[in-house]
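Below you'll find the structure, written out as structure tokens, and then a few comments.
The values are calculated or read from the model by the stated rules, or taken from the named source; none is laboratory data. It should be emphasised that the depicted structure is a prediction, and the values quoted were computed from it without experimental measurement. Virtual Cβ from ideal backbone geometry, glycine too; neighbours counted across all protein chains shown.
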Amino acid sequence: MAIETWQILVICLFAFLQILDVITVNIGIGYPLNAGMITGIIMGDMTTGLAVGATLQLMVLGVGTYGGASIPDFTTGAIIGTIFAIISGKGLEFAIGIGVPVGLLLIQLDILARFLNTFFLHRVIKAIDRLDIRAIERNILAGALPWGLSRMLPVLLVLVFGEHFVQAVLHYVPEWLTGGLKVAGGVLPVVGIGILLRYLPTRQFFPWLLIGFFAAAWLKTPMLGVAVLGIAGAIMHYRTVSRSEKQTADAPRAAMQTTSGEIDDDEI
């Protein structure tokens, strides 16, 4: 099966839009499952798209880009894997073999897109200083370009040059570039988490922060276990606060009943 020009254009447009959905309204088209399904519909084989997307979705369950962290882009991997699976007819295993390296490769492009977006951010700050509303709007919209192009261009190149393009990029990209991006990718989550802790009620829940860190770092508890521990702490805190609020609300009522004219035995 040969891919047609209109299919390449529609899929590239979808690749551009899906990452914008992830960082804005998040209606779900940026999930590997949905990306595989939509790509399968465009290619005329939704069953294969669902199979590829669902398999790659399993690899990112519970994983999020919180605090500026970059994760494998298995959504774009699902798009490309679905296309090659349908074109070649080699099935799910072949698609996963293509989608996984694509997702791992795009970690670097995700970091690069974040850095490029700071150019427009600085322009927005300058526009705010001079109260130029149109410039603010224009640069905010332009800030979507690095994100969208970081997904659309790889899809376009892979569709035009074939699966060997991915392997060639992984083989010939200089080590200093990938090493630098990996260092930047390691720093960004730390900075992001620091910003989150700055605005969260960290002092109030600092003991729970220590418990979670101890469980993850020393006890090697999986993230699911740490999440369950956090849910248990949230339930305990909710019950304590609810009980305290109820007692506070009942105190004036009890005081009113005591002074409402009831006669004690001593007064009789």
State whether the residues of the stretch 116-131 include one that is under 21 Å from residue 31 (Cβ atoms) and either under 20 Å from the mean Cα position of the chain (by Cα) or surrounded by 19 or more Cβ atoms within 10 Å (Cβ to Cβ) (or both). no
Of the residues that sit in the stretch 1-46 and are touching a residue at least 40 places away in the same chain (Cβ under 8 Å) and under 13 Å from the mean Cα position of the chain (by Cα), which one is farthest from residue 84 (Cα to Cα)? 23
Residue 55 vs. criteria in contact (Cβ under 8 Å) with a residue 24 or more places away in the chain, assigned to a helix (DSSP H, G or I) and under 13 Å from the mean Cα position of the chain (by Cα): no
May I ask you to verify whether residue 77 is modelled with pLDDT under 75 and either assigned by TED's automatic domain parsing to the domain that holds residue 112 or over 26 Å from residue 113 (Cα atoms) (or both)? no
Give me the residue from the stretch 132-154 that is under 17 Å from the mean Cα position of the chain (by Cα) and not aromatic (Phe, Trp, Tyr) and, out of that set, surrounded by the most Cβ atoms within 10 Å (Cβ to Cβ). 151
For the stretch 71-87, indicate whether the set of residues that are touching a Phe, Trp or Tyr at 6+ places or on another chain (Cβ under 8 Å) and farther than 17 Å from residue 156 by Cα is non-empty. no
Within the stretch 205-234, how many residues are at pLDDT below 85 and assigned to a loop (DSSP other than H, G, I, E, B)? 0
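Which of the following residues is modelled with pLDDT under 85 and basic (Lys, Arg): 243, 239, 253?
Just one listed residue meets the conditions, 253.
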